[in-house]
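One structure is given here, and the rest of the page talks about it.
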Amino acid sequence: MIRRIVQIPNKILYTPCKEVTKFDDKLKKQVRNMIDTMKAHRGLGLSANQIGIPKQICIVQAPQKPLLVFINPKIVSKSEDIIEGVEGCLSVCGMAGIVKRHKQVTIEYQDLEGKERKGVCYEEEAKIFQHEYDHLLGKVYINCAIRVWKI
Ligand code: CO
């Protein structure tokens, strides 16, 4: 089901999301709705608070890469290498900006069944993940961008 995307300055986008504790059918349905909504808007990623769910869930879909689902993610290490790239956000319509991100991040997270997992994201995937992870911390990219402009 395609959900409406929350826009700034809605408070939910500036509030840290809560840990997921129940790995039930409701969670799977919420993730399904996130995927449907991201695809419908041609996004590369989405966090749960962007569709009004204040939980630590985000999805990442870099071009030509598989869809990744992260529940309760934590960045456990990151490269010293930094890349600067252009970002946009479905919650910040009509804007783009340049953001510095770590080139590589190692993430501990849980899957839809609650199983603990660890993964590494590089470059485009790492950039998208860090954007979504910031959403879960209640941060929006325009507040950490080097430069933003209207598109
Ligand atoms: Co965003």
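The values are calculated or read from the model by the stated rules, or taken from the named source; none is laboratory data. Not measured: the values here are computed from a predicted model. All Cβ positions, glycine included, derive from the backbone under ideal geometry; neighbour counts span all protein chains shown. What goes into the accessible areas is simple: the full protein's heavy atoms, side chains included, and nothing from ligands, DNA or RNA. Shrake-Rupley method; radii C 1.70, N 1.55, O 1.52, S 1.80 Å.
Here's a check for you: in segment 46-102, which residue that is within 12 Å of the ligand (Cβ to nearest atom) and among the polar types (S, T, N, Q) is nearest to Ile12 (Cα to Cα)?
By that ranking, first place goes to Asn49.
Going through segment 7-46 one residue at a time, which ones are in contact with a Leu (Cβ under 6 Å, 6 or more places away or on another chain), assigned to a loop (DSSP other than H, G, I, E, B) and open to solvent by less than 40 Å² (accessible area, probe 1.4 Å)?
Answer for segment 7-46, where residues must be in contact with a Leu (Cβ under 6 Å, 6 or more places away or on another chain), assigned to a loop (DSSP other than H, G, I, E, B) and open to solvent by less than 40 Å² (accessible area, probe 1.4 Å): Cys17, Gly43.
Given the criterion open to solvent by less than 50 Å² (accessible area, probe 1.4 Å) and part of a strand (DSSP E or B), identify the matching residue among Ile142, Ile128, Ile107.
Result: Ile107 is the single residue among Ile142, Ile128, Ile107 that is open to solvent by less than 50 Å² (accessible area, probe 1.4 Å) and part of a strand (DSSP E or B).
Report every pair of residues separated by at least 6 positions or lying on different chains whose Cβ atoms are under 7 Å apart, first residue within segment 30-56 and at pLDDT below 95, second assigned to a helix (DSSP H, G or I) and buried (at least 17 other Cβ atoms within 10 Å of the Cβ).
none
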